[in-house]
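Reviewing the structure listed below.
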4 protein chains.
Amino acid sequence: MVRIGIIGAAGLSGRELLYWLRNHPEAKVELLTSSKYQRQKVCDVFPELTGYSQVFEPNDVDVSACDLVFLAIPNQASLELVPKLLEQGVRVIDLSGAYRLRDTNVFSQFYQLTHTAPELLDETAFGLPEFFKEKISTARLVANPGCYATGALLGLLPLGKLLGSLDRAPIIDAKSGVSGAGGRVEGDMTNYVSVNENFKAYKVFAHQHQPEIQQYLTDLSPYKAEESGDVIFTPHLLPVNRGILSTIYLHFPEAIPVADIRSRFLEFADEQKFVHFMDEGSLPDLKVTLNSNRVMIGTESDDSGQNWVVVSSLDNLVKGASGQAIQNMNLMFGLDEGMGLL
Amino acid sequence: MVRIGIIGAAGLSGRELLYWLRNHPEAKVELLTSSKYQRQKVCDVFPELTGYSQVFEPNDVDVSACDLVFLAIPNQASLELVPKLLEQGVRVIDLSGAYRLRDTNVFSQFYQLTHTAPELLDETAFGLPEFFKEKISTARLVANPGCYATGALLGLLPLGKLLGSLDRAPIIDAKSGVSGAGGRVEGDMTNYVSVNENFKAYKVFAHQHQPEIQQYLTDLSPYKAEESGDVIFTPHLLPVNRGILSTIYLHFPEAIPVADIRSRFLEFADEQKFVHFMDEGSLPDLKVTLNSNRVMIGTESDDSGQNWVVVSSLDNLVKGASGQAIQNMNLMFGLDEGMGLL
Amino acid sequence: MVRIGIIGAAGLSGRELLYWLRNHPEAKVELLTSSKYQRQKVCDVFPELTGYSQVFEPNDVDVSACDLVFLAIPNQASLELVPKLLEQGVRVIDLSGAYRLRDTNVFSQFYQLTHTAPELLDETAFGLPEFFKEKISTARLVANPGCYATGALLGLLPLGKLLGSLDRAPIIDAKSGVSGAGGRVEGDMTNYVSVNENFKAYKVFAHQHQPEIQQYLTDLSPYKAEESGDVIFTPHLLPVNRGILSTIYLHFPEAIPVADIRSRFLEFADEQKFVHFMDEGSLPDLKVTLNSNRVMIGTESDDSGQNWVVVSSLDNLVKGASGQAIQNMNLMFGLDEGMGLL
Amino acid sequence: MVRIGIIGAAGLSGRELLYWLRNHPEAKVELLTSSKYQRQKVCDVFPELTGYSQVFEPNDVDVSACDLVFLAIPNQASLELVPKLLEQGVRVIDLSGAYRLRDTNVFSQFYQLTHTAPELLDETAFGLPEFFKEKISTARLVANPGCYATGALLGLLPLGKLLGSLDRAPIIDAKSGVSGAGGRVEGDMTNYVSVNENFKAYKVFAHQHQPEIQQYLTDLSPYKAEESGDVIFTPHLLPVNRGILSTIYLHFPEAIPVADIRSRFLEFADEQKFVHFMDEGSLPDLKVTLNSNRVMIGTESDDSGQNWVVVSSLDNLVKGASGQAIQNMNLMFGLDEGMGLL
């Protein structure tokens, strides 16, 4: 039984961890914290979450009795807390963006923060289980991927060496529900009358998941940004609670047969518990991944066979955050990768 | 041309005033204020509001050159500002709840504020034009009604002396869009993921519009709360931007003929520019009053003829706030009651 | 292992049965039908429902090899099919309204149908497990309750003998998401632009769940409609996918102490797996029961103690339909009442 | 006073025409038709549309007394009706897609219809007033543009000769509210529970507005599809009632200075009543054009200056359909272009 601590358990990702861990047969939430709700009972704050008799502890509670701590707190708080937790011998899955980028200059540019623990970046496992199972399983620190990055990378990377023949940068036009794009933070991104019956692009050419996508695309495929260009990524805010749909535009210098594209995705999906490739002629919508840890992917091409659209769908709070974090936990503790997940 | 000032012009009601006054042939917005956006241009904050070249002034700007000032600020701020404005000889329409209740004890109980200008309450006109046209036309200070109160009172008062025969308190089960129930104030009443795909009752037996409804129901009809009971009012939060639908339950000790009920509403609607009574068999939904200053009302009874349901619909930002305020302005300045409104 | 057939498996309730039965350890869906999608694979119609390799059969498929058949088809179709299934020795849970009302005249009035199998009504168990566990466990035919009726009855019946002292009819002002109020049937109740940003009352004094509520309220409590009046029930259409919130107004001739009300609900909730009573000062919203088989209930009273508001919340597709049906199945086959449910 | 007939006045575009024409000082709706609601009063079908005392006529009513007929009916019906109307000497604005494409083979491919009046295509004016004012003003037949095409063309064409230097096809990732993507037609594109909390791409590489965009882009700019490729257009379905936001990706072989892009858009916006270009750093969302005939446009570039994103926003029922149709009517009858519009 893995003894779990959750720092920031009352935020959207934290609550989602509680939701899924409730029924996990090999995990036990030993303690959970919230600065906003400290000393309140979990069942008072979240009446729908039966089965938790605990109260929220303050964020600085002693977690040394835990085997694993999930961090679901802002970037700067994670940045500072991770080294302290590792020193105490606790393993950590960090849901923030603090330890995902290898280049601390890029980190500073996109996060407006100075990285204070660059020495940890090498050993950190990027928590995309489809590509880093082994490193994750032994890691002290797992950097759980960004929600947009998960959708983009799983929509691209199955193409494997075909990515080396792209003659233009992939364009990722992504649309996220509110919980993936601001969540409970106050302001125009989360205020009901600002978001409802509305839709907008934001942080165009400036979103912090762009370098995350580009780094792992470059690491894990033959794509070369210096040749074909920087990945173009435009996030949009959808008036829905959950879900990210990414419409990815690819251009090849020569026609790629449908069978070639499909076989790559199908093979990848076959090997991966939480990746599903749609039947020919079908594209995923948000609904097919809602409340599930799956990413679902479909493709379409034009008559020339040179222009391809890949559509990937995931639930930003599950595969895009807490579900993937539990998938990583399972790997870290030798459990079945899908345990406790749907 | 009425020279207008708007204090709090960037809130939801303030913005709605700007929207309607834009095309008003006899009003000119001379100055407008916002603490949050001061010194910013109106067209930068609200790109959809063409025609305003002004910047937002600070709230303490000198308004003495205005004929009329609309106050679209919180209760306490209105409470304090009104006497100062009246002293400067400016007429005022206050959209807050500060000057609606005659009984300062009730005010204290429901608003958690001490009334600091009780001497003004007698001369204040309650800005429900359907009942106070004359007083409004000469008033220095008009207290614009609450959105829920407008919907409830216009659903009840046309019944006239029939209200004297009610043997039970009316039950008003009201449902409001977010802009009428919290608006841009931060928190669970306005946060997108809290409100979307959700619905709830709030302030049950404790909402500040209950005494407002009861006071004017008692003043303007033979209804006696001490005999039939206090009006029961339950507000709910709807996941829509705008609109209030009130479902009002009435019980009479004897059957009331359909024709009797209908004729009273029809006669009232005939006399009132912004009141519409639905055809038999029809009830209004929210859509029929959206972006309009009208209140629309329908009724239904059971076989006994003793139980009646009245449904009233209005747009909380128009007839429930800023549209009604402009209707009041028109009356105050001898203009056609409906000028600039739909 | 219970061998299951589902007639009408591609409608909203049918799909919800599939969703929950997927992970039920003691049930196996042997066959499922859909007139619209017959011969198509389940995973093509519902890509999110992994684990079903079947195709949809036509509705007239032979189900005699099943232990239990769920009917998720329109009233008339159920009315006709049930006797045929019982003759084949198959047990049936009917999610339609065909076998809920004991009085066939009332049935005709509210359903515009003539009852063609009145001889079955006596033996039919009303599938409200909180009150009919025993009868359900041995029944050949279970009439699964209406979604509104479930919310209303579970909000009222725990009050037990206090219901005998009500001096007025309870007023149930209920608000349902679209899946509980029309679902996939085409028209103004389900068309997106008709429903979105809208809200309305419908079937006022005419909804078929009113007699269902009244019949079981009268059967199971000392409430007497002939004395206090017919239950008043007003359904409304909410712009959300799922959920029913019922605001129930009760009036007692004398004050009822808070402790008296609370202790009755708490005791009831203690005994019932899927009933939860909120802490003092809290009322349930829709979110707390979403995707769960629980009904959650809260109460509030005015200063007099004579006026009470009960608010009940449930997910109309779970406790209001398919979840409750599975709860009934568990009882019919001697399984744990909550097996496979949350 | 222009005497107006509207064929198909109860559909979404038809109703929107009624909404705007109500207050048009120089137009009078003489007759209006609806197959679904024939013989019903307008005010019964649309209680919110005050001012119409008419009933809906059947679609085959005699319109020869009208100066102008708006067609808001399906493509095939328009295709057939237009020649008959022109023969009667009535001028026509057709809101369908029947007369927009010059190439009847392309028309057949995308509309699955054979064009039965190709002889009219030459004289037909494409109703994009920003580019065809003169031809519109004298035309017998105006083909009102598609909603997506309007948003895409007005986001692209102001760039003028810069479009000749694009080295890749523009990618238009467009997102439309339900009224622009199926409206009241029944099915998965308009059913509430299918659309709400969901989002999807549809008709990828196959939407009928793609050839419309490409034809006029080629006609009105130096863009050459045979060199840079066919325009790539992906429509998506947004869970909102109204609005289209188009995110347009452009790539230039060399850096384009910000000032160059901005000056072109600003100059264009200066000349066009209903085109607005956002301040630097701002992009339009859907809200800024809701219920308005304006299209609002913003741009953003990456550090290289070679990659540009143009975002255009419009209300699909106003500038994307009925508002633009009225703008065209104004031009056809020598009225001020913006009369009756906002």
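The number of residues in the stretch D:122-164 being among the polar types (S, T, N, Q) and in a helix (DSSP H, G or I) comes to 3. Scanning the stretch A:291-317 for residues that are in contact (Cβ under 8 Å) with a residue 24 or more places away in the chain, at the interface with another protein chain (Cβ under 7 Å from one of its Cβ atoms) and among the hydrophobic types (A, V, I, L, M, F, W, C) yields a count of 2. When A:HIS276 is tested against the conditions (1) in contact with an Asp or Glu (Cβ under 7 Å, 6 or more places away or on another chain); (2) without any contact (Cβ under 8 Å) to a residue 40 or more places away in the chain; (3) crowded, with 19+ Cβ neighbours inside 10 Å, the lone failure is (1).
The residue pairs whose first member lies in the stretch D:36-65 and is away from chain B (no Cβ under 13 Å), whose second member is in a loop (DSSP other than H, G, I, E, B) and acidic (Asp, Glu), and whose beta carbons are closer than 9 Å, counting only pairs six or more residues apart or on different chains, do not exist in this structure.
Against the numbered list (1) in contact with a Ser or Thr (Cβ under 7 Å, 6 or more places away or on another chain); (2) modelled with pLDDT of 95 or more; (3) surrounded by fewer than 23 Cβ atoms within 10 Å (Cβ to Cβ), A:GLY155 comes up short only at (3). From the list D:ASP219, D:ASP230, the lone residue that is touching a residue at least 12 places away in the same chain (Cβ under 8 Å) and either within 12 Å of chain A (Cβ to nearest Cβ) or more than 20 Å from D:LEU314 (Cα to Cα) (or both) is D:ASP230. Picking from residues in the stretch A:34-76 that are farther than 22 Å from B:SER194 by Cα and of a type in the set (Val, Ile, Thr), the one that is modelled with the highest pLDDT is A:VAL69. Note on the stretch A:285-339: among residues that are over 26 Å from A:ALA259 (Cβ atoms) and of a type in the set (Ser, Thr, Tyr), the one that is surrounded by the fewest Cβ atoms within 10 Å (Cβ to Cβ) is A:SER292. Please state which one of A:GLU123, A:GLU130, A:GLU87 is over 29 Å from A:VAL275 (Cβ atoms), at pLDDT 95 or above and assigned by TED's automatic domain parsing to the domain that holds A:GLY8. None of the other options fit; the residue is A:GLU87.
Have a look at D:ASP173, D:ASP219, D:ASP167 and point out the one that is on the phi < 0 side of the Ramachandran plot, in contact with a strand residue (DSSP E or B) (Cβ under 7 Å, 6 or more places away or on another chain) and surrounded by fewer than 24 Cβ atoms within 10 Å (Cβ to Cβ). First the steps, then the outcome.
Working: D:ASP173 fails: surrounded by fewer than 24 Cβ atoms within 10 Å (Cβ to Cβ); D:ASP219 fails: in contact with a strand residue (DSSP E or B) (Cβ under 7 Å, 6 or more places away or on another chain).
That would be D:ASP167, the only listed residue that is on the phi < 0 side of the Ramachandran plot, in contact with a strand residue (DSSP E or B) (Cβ under 7 Å, 6 or more places away or on another chain) and surrounded by fewer than 24 Cβ atoms within 10 Å (Cβ to Cβ).
Taken over the stretch D:227-244, the residue count meeting the criterion of being in contact with a helix residue (DSSP H, G or I) (Cβ under 6 Å, 6 or more places away or on another chain) and either of a type in the set (Val, Ile, Thr) or on the phi > 0 side of the Ramachandran plot (or both) is 2.
Restricted to the stretch D:185-208, and to residues there that are under 21 Å from A:ASP173 (Cα atoms) and more than 9 Å from chain A (Cβ to nearest Cβ), the residue that is surrounded by the most Cβ atoms within 10 Å (Cβ to Cβ) is D:VAL195. Contact map, the stretch C:318-342: first residue more than 19 Å from C:LEU153 (Cα to Cα) and modelled with pLDDT of 95 or more, second residue crowded, with 23+ Cβ neighbours inside 10 Å and among the acidic types (Asp, Glu), Cβ cut-off under 7 Å, separation 6 or more or different chains; the map is empty. For the stretch C:251-282, give me each residue that is in contact with a Ser or Thr (Cβ under 9 Å, 6 or more places away or on another chain), of a type in the set (A, V, I, L, M) and under 30 Å from C:PHE199 (Cβ atoms). Of everything in the stretch C:251-282, those that are in contact with a Ser or Thr (Cβ under 9 Å, 6 or more places away or on another chain), of a type in the set (A, V, I, L, M) and under 30 Å from C:PHE199 (Cβ atoms) turn out to be C:ILE261, C:MET278. I want to confirm something. Restricting to the stretch B:81-130 and keeping residues that are of a type in the set (Phe, Trp, Tyr) and buried (at least 24 other Cβ atoms within 10 Å of the Cβ), which single residue is farthest from B:GLN324 (Cα to Cα)? Among those residues, the one meeting the criterion is B:PHE107.
Can you report the number of residues in the stretch D:111-121 which are in contact (Cβ under 8 Å) with a residue 12 or more places away in the chain and part of a loop (DSSP other than H, G, I, E, B)?
5
Selection of the stretch A:151-196 for residues being hydroxyl-bearing (Ser, Thr, Tyr) and out of contact with any His (no Cβ under 9 Å at 6 or more places or on another chain) yields A:SER165, A:SER179, A:THR190, A:TYR192, A:SER194.
Tell me whether the stretch A:175-187 contains one or more residues that are in the same structural domain as A:VAL311 (by TED's automatic domain parsing), more than 16 Å from A:PRO235 (Cβ to Cβ) and more than 17 Å from the chain's Cα centre (by Cα).
We begin by selecting, within the stretch A:175-187, every residue in the same structural domain as A:VAL311 (by TED's automatic domain parsing); these are A:175-187.
In the following step, the residues that additionally are more than 16 Å from A:PRO235 (Cβ to Cβ) were identified as A:184, A:186.
Remaining after also requiring more than 17 Å from the chain's Cα centre (by Cα): A:184, A:186.
Scanning the stretch A:175-187, I find at least one residue that is in the same structural domain as A:VAL311 (by TED's automatic domain parsing), more than 16 Å from A:PRO235 (Cβ to Cβ) and more than 17 Å from the chain's Cα centre (by Cα), so the answer is yes.
The values are calculated or read from the model by the stated rules, or taken from the named source; none is laboratory data. Please read all numbers here as calculations on a predicted model, not as lab measurements. Ideal geometry is used to build each Cβ from the backbone, glycine not excepted, and the neighbour counts take in all protein chains shown.
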